[in-house]
Amino acid sequence: MRRLTLAAVPDFQELMSLVGHLLLRWGWVEDGLEGAPVPSELDRVRHIRNALCHRMISARADPDGDEVAYVRCRLLDGTVVQYSAEDLEEAIRELEKLGHRYGTR
């Protein structure tokens with residue numbers, strides 16, 4: 001499985017590329033499911049995808065700073081969750097690993 005290569009702290013464009021990559025891969029899974037329910041093994045990634053699509057409130061990426069790059073989302077219950085670039089990479093790898101089960105690329 002190919003590992004995404006990012007700078008130690010991604011810049012904003014790299015962070016948003018991860019968001020886009022995750023959403024594209026998720027779309028392929030949905031196409032492969034052909035309307036069937038999303039399998040429970042994809043629940044974690046589904047929650048990340050839904051938060052990114054519907055509840056994103058901010059993002060930060062400063063390759064010259066000390067902080068990790070992240071995206072923040074406010075869930076329906078008001079809880080704010082933060083996904084790092086590493087979290088997004090991990091979710092993408094999970095979709096790459098499991099996606100073939102659902103007829104995806």
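If you take the residues in segment 1-30 that are surrounded by 13 or more Cβ atoms within 10 Å (Cβ to Cβ), of a type outside the set (A, V, I, L, M, F, W, C) and modelled with pLDDT of 90 or more, which one is farthest from VAL81 (Cα to Cα)?
My answer is GLU30.
Going through ALA91, ALA51 one at a time, which residue ends up being in contact with a strand residue (DSSP E or B) (Cβ under 7 Å, 6 or more places away or on another chain) and at pLDDT 90 or above?
Just one listed residue meets the conditions, ALA51.
Counting only residues that are farther than 19 Å from GLY99 by Cα and more than 12 Å from the chain's Cα centre (by Cα), how many does segment 39-71 have?
Qualifying residue count for the region: 15.
The values are calculated or read from the model by the stated rules, or taken from the named source; none is laboratory data. Just so it is clear, the structure is predicted and the values come from calculations on it, not from any experiment. When we count neighbours, we look across all protein chains shown, and the Cβ atoms used for this are built from the backbone with ideal geometry, even at glycine.
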